[in-house]
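What follows is one structure encoded as structure tokens, with my remarks underneath.
The values are calculated or read from the model by the stated rules, or taken from the named source; none is laboratory data. On a predicted model such as this, the values are computed, not experimentally measured, just so you know. A quick note on method: Cβ atoms are made from the backbone with ideal geometry, for glycine too, and the neighbour counts reach across all protein chains shown.
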Amino acid sequence: MKQRLRSWWAVLAGVVAAAILAGFMGLSQAAAAQASLDGTQWVLTGWSSPDAIVTVDNQPITLEFKDGQVFGFAGCNRYFGPAMVNGSSITIGPDLAMTGMASLAPTSEEAYIGFLTSADRWALDGSQLTLSVGSQVVLTFARA
């Protein structure tokens, strides 16, 4: 009886240790994904909007990741806000703060911010970053 009880406790301790280790591994994977974008800067090269522009007055639309935040230039206004990366999932915003300059292309700027905050997946392919909604790529960036 004592031997059976010891075996049961040993199994239970192993299961608990495995669960704790899996939790730490999940946290470290999320931290690794966040770190892989942290400190990177990107320039918009394409997006899935029919009236898309990628520069305004020769200034590129940009995206930067730093310390769990995004920063960038949206065509007229600068924006910033929270970003969370977990594996291949990404959440930007939902609400980004922006400067309040009057824009010559407000529709494009609003569309860009809309795509940016709706993106739920990200992928790196060499020096190209893609942001997607589901399986549809909505924004493509080149490393700055």
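Contact map, the stretch 65-85: residues that are under 15 Å from V43 (Cα atoms) paired with residues that are charged (D, E, K, R) and assigned to a strand (DSSP E or B), Cβ distance under 6 Å, separation 6+ or inter-chain. Pairs shown: F71/E64; G72/E64.
Looking only at residues of the stretch 32-51 that are surrounded by fewer than 16 Cβ atoms within 10 Å (Cβ to Cβ) and of a type in the set (G, A, S), we find that the one that is modelled with the lowest pLDDT is A32. Within the stretch 124-136, being at pLDDT below 95 and either hydrophobic (A, V, I, L, M, F, W, C) or surrounded by 16 or more Cβ atoms within 10 Å (Cβ to Cβ) (or both) holds for one residue alone: L124. Restricted to the stretch 98-144, the set of strands (runs of 3 or more DSSP E) holding at least 1 residues that are closer than 14 Å to W47 by Cα and of a type in the set (S, T, Y) comprises 128-133, 136-143. On inspection, T99 does not qualify as within 19 Å of T140 (Cα to Cα) and at pLDDT 90 or above.
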